[in-house]
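Accompanying notes for the structure given below.
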Amino acid sequence: MSEDSTTESPKDEFDQIVDAPFDAALSERYLVYAMSTITARSLPDLRDGLKPVHRRLLWAMRLLRLDPAQGYKKCARVVGDVIGKYHPHGDQSVYDAMVRLAQTFSLRYPLVDGQGNFGNIDGDNAAAYRYTEARLTKTAMQLMAGLNENGTDFRPTYNGEDEEPEVMPGLFPNLLANGAAGIAVGMATSIPSHNVHEIIDAATLLIDQPDASHAQLMEIVKGPDFATGGVLVDSAASIAAAYETGRGSFRVRARFEIEKLERGAWQAVVTEIPYQVQKGKLIEGIANLIADRKLPILADVRDESDEAIRIVLEPKNRTVDPDQLMNALFRLTDLENRFSLNMNVLDANHTPMVMGLGEVLRHWLAHQIEVLVRRSRHRLEQIDARLELLEGYIIAFLNLDRVIEIIRTEDEPKAVMMEEFQLSDRQAEAILNMRLRSLRKLEEMELKRERDQLAKEREGLVKLIDSPARQRTRLKKDLAELRKDYAEDTALGARRTGLEEAAATVEVPLEAMIEREPLTVIVSRRGWIRAMKGHGNDVSGVKFKEGDELAFAFEAQTTDKLLVATASGRFYTLGADKLPGARGFGEPIGSMVDIDGGNAIVKVLAARQGGRLLLAASGGRGFVANMDDLIAETRKGRQVVNPKGKAVLSVVREIDASHDQVAAVGENRKLVVFALSEMPEMTRGQGVMLQRYKDGGLSDATTFRLEDGLSWTMGGETERTRTVDKDDLLPWRVARGAAGRLPPNGFPKDNRFD
């Protein structure tokens, strides 16, 4: 049997595939994701300062009746309701958001009152949500005021089963009061917390003077007011500039005090730390500075905190300058940090915008005016509905006997009353539902009194709705009432972050932090180094390892940098304060810096600021170098002299400021003397030829003052010095690069000036 009708075959799922360029499809979908991240996750709404997850948390807690006067409930119950009804995301992310709303060190004005372990400023995490309990704070209730009075629109939840508010209509200025932070796609927001009474005063100024200047606002809003206190050290001008554009940053320092101890000793005590700095990591960072000897003037750090922060910083000794110590800590640790300002928020149309302080306040005031009008209209509707019933009640009392008769005799008393007394359906229904106890004589008087009061209130609401001036006056009055809870003399309202302009921290040289003490540096021929305390020490009795002997001995200070010159022309730097003591044989210089194997040490000396050195290689080339340019910052050192061929660095002589001549002697035992001004000053290179040779190279070179003559040390059991006067040097005074001639009689056979 054939079928007349054909059944429609199911569509192939591949029929739904759309042929489109990959880049176009990707960009379209990524744009949808980006807009969702921006508008529904990361940026706060200007009107209530909340992100969706925070708004849903507060709404769920309100529905659970977790008012400040009620008991606590498990956070697991709240998180379950939020992710089940309003926010289909991970439970941990929702709980983390809830924990932050309860942390007194995260929010300037907490919105959740937590009971249990909600984490601490050390960076420890909160306990699991099955252990902690919570309820709303008074501030949260102020933020949600008006939800039952049509103060905002409601929208369906993600599954359409419930409703949630689009925005919290309350008067509390949460965006600026508690701040916000978030990273979206292609944009971010970072808003610090502020003092509520300053915000209210600035908003009041804009109500009275809508065209108030930015400078007038900044006279009221001094700057951020962080939950953890601290000190804002930027200038008023830079703070004002940041708030004008909505972009900038603030420099925040820890608050500290100097405690005097016995015998002139002292210690610094930190009582407040910058916002979002974990105390545990801060102390760990300071301890690492001490261990790495990067802050020699600090001896110890101790955490003596209980509920209040108390970090004790102990200086190396009582002679340390407290300001110098704290400035170094501000530069090297998170005792000073910067909080960025990027007031990127969603306006009433859910459009992301970066606004200045004045623009944010004006948009917020416009929203509050809208909420005020909506709540007034809602109240007006309630009054009209109540007045309608009151009029019906009064008619019933005026015709009480007839009403009773109708109810007793008529089968449909409602219709009869509506027709006879011109009542509405609601009025007739209300009369029929009246209790007998309401028929007493006094009830009629109460109804008339209530009617008169409601009529008066209605008249005021009508005027308020029709008059923008009255709306501004009412809003100003409501703000003044709210301000009482956050006044300067209240625990919650008092400013926590101080204002104290301070100069930017500058890098303090390490030697400025080291206690200056005299040292005698001893270097052996094999490159072992040590230091004896004091000057004027007799080093003749110093012992060395077998086969080793004294190479250099000179006086220095613990604050000095030591230059180590090697035959390859590379210079290394050592800190005199880090040298081992003289009790043992010292330590090899090669263990302190990365000297290549076989690279002999030519000279070790203390660097002088502004000092100069004569540097020359065995090939006869050299130049003058400034000591400041020779200091190396790393273990690998700094290449300064580039000897040519097989030549090596052989001469490193310190140049006295009065010296004006150079004397050079070659292996061929010929001497030249020429003006120091002919030598170039360089930071790196081969230099110029000091003396010309047919065979051999340079033996030694030195500098001297012509007026004093050229001197050298004579050998023998009793060392003595011989000097050739200025006039007697005429035969050897030639231009740089000459071949020279044999030196005067008595010149050392080893061709060395000392």
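What the pair-distance distribution of region 226-333 shows, using all Cα-Cα distances binned every 10 Å from zero, is 13, 42, 29, 13, 2, 0 percent. The alpha carbons of the chain occupy a box of 155, 96, 51 Å along the principal axes, longest dimension given first. According to the Cα-based calculation, Rg over Rh for region 383-459 is 0.98, with Rh computed by the Kirkwood formula.
In the structure shown, the pairs 533/603; 51/74; 294/543 are assessed against 25 Å; a Cα-Cα span above that value is assigned to 294/543. Taking one quarter of the surface of the C-alpha convex hull of region 79-223 gives a mean projected area of 11.5 nm². Farthest toward the positive end of the dipole of the chain, out of 79, 464, 93, is the Cα of 93, where the dipole comes from beta carbon charges about the Cα centre. Normalising the Debye intensity of region 532-680 to I(0), with uniform scatterers on Cα atoms only, and taking log10 at q = 0.13 Å⁻¹ returns -0.67. The distance linking region 150-195 with region 32-84 is 9 Å (Cα centroid to Cα centroid, whole angstrom). Restricting the chymotrypsin sites (Phe, Trp or Tyr not before Pro) of region 54-142 to loop positions (DSSP other than H, G, I, E, B) with no more than 14 neighbouring Cβ atoms within 10 Å leaves 72, 131.
The count of lysine pairs in region 362-497 that are at least 8 places apart or cross chains, and whose C-alpha atoms lie under 21 Å apart, stands at 5. The residue list 567, 265, 109 was ranked by how far each Cα lies along the charge dipole of the chain toward its positive end, using unit charges on Cβ atoms, and 567 comes out on top.
Give, in whole angstrom and from largest to smallest, the semi-axes √(5λ) of the equivalent ellipsoid of region 55-126, with λ running over the eigenvalues of the Cα gyration tensor.
Ellipsoid half-lengths, sorted descending, are 19, 15, 10 Å.
Mean sequence separation of contacting Cα pairs (under 8 Å, at least six apart), scaled by the length of region 51-166, corresponds to a relative contact order of 28 percent. What the Cα atoms of region 608-754 give is an Rg and a Dmax of 15.3, 48 Å. Three semi-axes describe the equivalent ellipsoid of region 380-529; taken as square roots of 5 times the Cα gyration tensor eigenvalues and ordered largest first, they are 85, 19, 14 Å. Pairs of lysines in region 608-754 whose Cα atoms sit within less than 26 Å of one another amount to 12, provided the residues are eight or more positions apart or on different chains. Rounded to the nearest 20 debye, the dipole magnitude of region 255-334 is 320 debye, with +1 charges on Lys and Arg beta carbons, -1 on Asp and Glu beta carbons, and the Cα centre as origin. Under a point-charge model restricted to the Cβ atoms of Lys and Arg (+1) and Asp and Glu (-1), what is the dipole moment magnitude of the chain relative to its Cα centre, in debye to the nearest 20? Charge dipole, the chain, about its Cα centre: 3200 debye, nearest 20. A DSSP coil position with no more than 11 other Cβ atoms inside 10 Å describes the following trypsin sites (Lys or Arg not before Pro) in region 670-739: 694. When the GluC sites (Glu not before Pro) in region 446-537 are filtered for DSSP coil states and for at most 15 other beta-carbon atoms within 10 Å of their beta-carbon, the remaining sites are 488, 500, 501, 507, 515.
Among 74, 636, sorting on how many other beta-carbon atoms sit within 10 Å of each Cβ, with the fewest leading, yields 636, 74.
Let me know the shape class of region 131-173, please: from the alpha-carbon gyration tensor, a ≥ b ≥ c as square roots of the eigenvalues, rounded when a/c is under 1.5, otherwise prolate if a/b is greater than b/c, or oblate.
The shape class here is oblate.
Fewest-first ordering of 77, 65 by other beta carbons within 10 Å of each residue's beta carbon gives 65, 77. Among 29-40, 533-544, 270-281, the peptide with the highest mean count of other Cβ atoms within 10 Å heads the list, and the full ranking is 270-281, 29-40, 533-544. All distinct Cα pairs of region 516-598 go into the 1/r average, and the inverse of that average, the Kirkwood radius, is 13.1 Å.
The numbers here are math on the coordinates, done by the rules we state, and not lab data. Model, not experiment: these values are computed from the prediction. We place every Cβ from the backbone using ideal geometry, glycine too, and count neighbours over all the protein chains shown.
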